[in-house]
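Read through the structure below, which is laid out as structure tokens, and then see the notes.
Throughout, read-outs are computed from the coordinates displayed, never taken from laboratory work. None of the values given here were measured: they were computed from a predicted structure. In this analysis, Cβ positions are derived from the backbone assuming ideal geometry, glycine residues included, and neighbour counts consider all displayed protein chains.
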Amino acid sequence: MSASRWPARLHLPTFGALLAVVAVWSLLSWRYGAYLLPSPLSVVRGFADIVGSGEVWTHTGASLARILVGFGGAVLVAVLTGLAAFLSRLARGVVHDALAVLNSTSVFVWIVISIIWFGLSNWAPIFTTFMITLPVVASNIVEGVEQVDRRLLEMGDVYRLSGGEKFRAVVIPSTLPYLMAGMKVGFGLALKVSVVAEIFGVTSGIGYIMNYSREILATQMVFVWALVMILVMMLTDKLVFDAVSRRLARWR
């Protein structure tokens, strides 16, 4: 490793920027008080407390369970949508129009509708997560389907491959990168949306506990659970999506 590259490899610029942010944060906390902006030290202590008590696993697990149901359902429907768009030009037009409508619909609209339909239950954040992440993942898959090289399909005809063989050998490898990109963006969106939806009526999850902390004026715990969200997203990105992407790249 050359001397000019090792600071970047060790993320020293990022670490320096983080130290500057913490220093400014500490000064602002001292200036405006713990209610508006708790100190970094109090946030670290709060994080240690919820890890030690196990509370972090209870609420994080509840949120992730709802996300997996809503987001998993969205991925399944998105894959079926992409398949329909590949098989039928007519279906492709319908899918494009439907995705345009879904992409234009506000998160708040789905939250209100989910509360009307499902009440204060786990299905409200699950439904909201499904409806918000579906167009994100589906749009990527449809884009991947449209980018499939038709010359490779024609070559499959020359070698007399069946429809299933062409689908496995050409379509799937071509669309997988688009699927992974959509899932990566969609999961981050699912985490944010689910947390917002949890404010409106469930009794567990990151959104619920953040809102409860706000109500009892424990502002430092709001920051603690925000930190938990960031860590969940970073770990999922590195341990799941990056690992799967590397394996898919080798398979392709």
Taking K and R as +1 and D and E as -1, what net charge do the other residues with C-beta under 14 Å from the C-beta of Ile141 add up to?
0
From the phi angles alone, apply the Karplus equation (6.51, -1.76, 1.60; θ = phi - 60°) to the stretch 39-53 and give each ³J(HN,Hα) in whole Hz, x where the residue is Gly or Pro.
6, x, 5, 5, 5, 4, 4, x, 5, 4, 5, 6, 6, x, 7
What order, most packed first, do the peptides 40-52, 12-24 have when packing is the mean number of other Cβ atoms within 10 Å of each residue?
40-52, 12-24
Calculate the length of the line joining the C-alpha centroid of the stretch 20-48 to that of the stretch 192-252, in whole Å.
21 Å
Normalised contact order of the stretch 39-251, rounded percent, pairs of Cα under 8 Å and 6 or more residues apart
28 percent
Quote the FRET efficiency, to the nearest 0.05, computed for Glu215 versus Glu143 with a Förster distance R0 of 35 Å and r equal to the Cβ-Cβ distance.
0.25
Each residue of the stretch 71-80 in order: what ³J(HN,Hα) in whole Hz does its phi give by Karplus 6.51 cos²θ - 1.76 cosθ + 1.60, θ = phi - 60°, with x for Gly and Pro?
6, x, x, 5, 5, 4, 5, 5, 5, 5
Stretched out fully, how many nm does the piece from Ser121 to Ile230 gain, at 0.36 nm a residue minus the Cα gap?
36.7 nm
Lys and Arg at +1, Asp and Glu at -1: neighbours of Tyr212 with Cβ under 13 Å from its Cβ sum to -2
Determine ³J(HN,Hα), in whole Hz, for all residues of the stretch 106-112 in sequence, where each value follows from phi through the Karplus function 6.51 cos²θ - 1.76 cosθ + 1.60 and θ = phi - 60°; x replaces Gly and Pro.
5, 4, 4, 4, 5, 5, 5
Full-extension gain between Leu102 and Ser88, please, as 0.36 nm times their residue separation minus the C-alpha to C-alpha distance.
3.0 nm
